[in-house]
Amino acid sequence: MVQAAKASNLQELSVLVKGFSGKVSFIAGGTDLIIALQQGARPDLIIDISSMDDLNFIEIDAEEVCIAAATPLSKLAQHRGLAAKLPLLTQAAMQVGSVQIRNRATIGGNIASAVPGGDLLPALKCLGCRIEILRRDNTVTSHDFDEVVTGLGKTCLGNGDMITTIRIPLRFGRNRISAFGKIGRRRELTIARLNLAVLADYETDANRINDIRIVAGAIGPVPLRLRLVEKRLRGRNVNQAFVDDFLHSLIAAVDAAISGRASQAYKRIAIMGLGLDLMQNLFEKEFSCPEKPKALT
C-alpha cells in the first residue's frame, strides 16, 4: 500500500526521507508522476512538495539566476526579469504543452524525467546551469547538467534524492542574446520532435559573433551540444552567408547524430526551417533559406 505525506519545508522533507526505507517519489506538478504510475511505477511513499515556498521561487542578481525546483513553468514563462536576462529559457517554458500543463509542470520535474524531447533540457544545457540535489543523507551536492541527465530517462538521482535548485550563471559575454525553437507534431504537443537552443555573445555595432553555444534536443538520448557548428560561426559577421553555413552545418550535425535512422530524412530538412526561424528571432533580421539538402542515398 502506497503511503502519502506532505512536507512544508526542506527540514521536514529531510526527516521524512531519511527515516523511510522504501522507494520514495515526490509530487509537485504531478505531470510526470502520473505517467510513471500509469506505466507501472510503484513507490512506497509519495511526498507532496507542492506547498513548499523554499522550492518555488525565481531570484536574479548580477551574477546568476537561481530557480527553485518546484517552480511551475508558467511562472518561468511569465517572469519579466527572466525574459530580459535569458529569453531562451522563457521561450522554452512557454512552448511546453498547454497552459494547463505549464501551470502544473515544474522545472525540476522536467529535468528529473530526462525525456529526450523535453524543451527545458537543451535550454538549460545551453545556459551552462548547475543543478543542486538534496541527497537522502541530507547532504547537498552540485552538478553540471551532463552529470545529472545521463541518458534516456536516466539521471544521477538515487532513491530519495531530489533536485532543489537550478543555478544559471550570467557571465556569458557582455552582449548576450539567446533564442529557443521547437518542432512538434502539433502546437500543443508537450514532447518535441526537434528543438534548438542558441546563446550568443553578439557585438551589434560590429555585427559580429564573439562566442556562441548551440544545443539540439530530440536527436539523441540527451541534449547534444553542436560544438563543430559553434566553431564555424565564432568570430564571423552575421549575413546571409553566415546563415547558409549555419543551416548546412545543422544538417551535417543531424546526419552525424542519427545516421541511418528512419527520422533522418525528415529531421535534416526540418532543422533547416527551425534554424532559419531561430536566426531571424535571434538577430531580428530577415534571411532566406538556401536550397534544400540533397536527398539521402
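Here is how the numbers come out for the structure above:
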| item | result |
| --- | --- |
| Some residue of the range 121-132 being of a type in the set (Asp, Glu) and modelled with pLDDT of 95 or more | yes |
| Residue selected from the range 72-94 under the condition touching a residue at least 24 places away in the same chain (Cβ under 8 Å) and surrounded by fewer than 23 Cβ atoms within 10 Å (Cβ to Cβ), by the criterion farthest from Ile27 (Cα to Cα) | Lys85 |
| Which listed residue, of Ser263, Ser259, is within 27 Å of Thr155 (Cα to Cα), among the hydroxyl-bearing types (Ser, Thr, Tyr) and loosely packed, with under 14 Cβ neighbours inside 10 Å | Ser259 |
| Qualifying residue in the range 154-168 (condition: among the hydroxyl-bearing types (Ser, Thr, Tyr), free of Cβ contacts under 8 Å to residues at least 12 places away in the same chain and more than 23 Å from Ile183 (Cβ to Cβ)) | no |
| Yes/no for Arg213 being at negative phi, of a type in the set (Lys, Arg) and out of contact with any helix residue (DSSP H, G or I) (no Cβ under 6 Å at 6 or more places or on another chain) | no |
| Test result for Ile212, more than 21 Å from Leu152 (Cβ to Cβ) and β-branched (Val, Ile, Thr) | yes |
| Any hit, the range 37-54, residues being touching a residue at least 40 places away in the same chain (Cβ under 8 Å), surrounded by 23 or more Cβ atoms within 10 Å (Cβ to Cβ) and assigned to a helix (DSSP H, G or I) | no |
| Subset of the range 7-24 that is in contact (Cβ under 8 Å) with a residue 60 or more places away in the chain and not hydrophobic (A, V, I, L, M, F, W, C) - its residue that is nearest to Asn56 (Cα to Cα) | Ser14 |
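The values are calculated or read from the model by the stated rules, or taken from the named source; none is laboratory data. This structure is a prediction, so every number in the text was calculated from the model and none was measured. Note: ideal-geometry Cβ built from the backbone for every residue, glycine included; neighbour counts use all protein chains shown.
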